[in-house]
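**Student:** Sharing a structure, written as structure tokens. Questions coming.
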Amino acid sequence: MTEAHTPLVERIARVLAGTALSSNADGADPSAGGSVDECWPDFRDTALAVIRELREPDAAMAAAGDAEIWTNMVRTVLDSAETTPA
């Protein structure tokens, strides 16, 4: 299995920033990469809210795998984010 090298909070925050800034989504910047690099921390709290919502798997997710492992993985992300400065 491939593992990401960037923390989940940052990856989600970057997606949110890109959506807000890029003309490929809701923004106006045709080349938003640099802006995303600079401002993704501004989207950190929203990313954490998304991750908090993912704590409990839905029925289909639970049927596909171990719900307890999923919950533990999400808790680990949230615990790590609490101890990592923004």
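None of the figures in this text is laboratory data; all of them are computed from the coordinates on show. Predicted model only: the values in this text are computed from it and were never measured. Positions of Cβ are backbone-derived with ideal geometry, glycine not excepted, and every protein chain shown enters the neighbour counts.
**Student:** Scan around GLY27 for amide H atoms under 5 Å from its own, H built in the peptide plane at 1.01 Å from N, and keep only partners 5 or more places away or cross-chain.
**Tutor:** LEU21, SER22
**Student:** Further question on the same structure: To the nearest 10 degrees, how steeply does helix 67-83 sit against the main Cα axis of the chain, on a 0 to 90 scale?
**Tutor:** On a 0 to 90 degree scale, this one is about 50.
**Student:** Determine the dipole magnitude for the chain: charges of +1 sit on the beta-carbon of Lys and Arg, -1 on that of Asp and Glu, nothing else is charged, the reference point is the Cα centre, and the result goes in debye to the nearest 20.
**Tutor:** It works out to roughly 40 debye.
**Student:** Separate question: When Lys and Arg each count +1 and Asp and Glu each count -1, what net charge do the other residues less than 10 Å away from PHE43, Cβ to Cβ, add up to?
**Tutor:** Net charge in that neighbourhood comes out at -1.
**Student:** While we're looking at this one, here's another question. If we sort 50-62, 33-45 on the protection proxy, mean other Cβ atoms within 10 Å, highest first, what's the order?
**Tutor:** 33-45, 50-62
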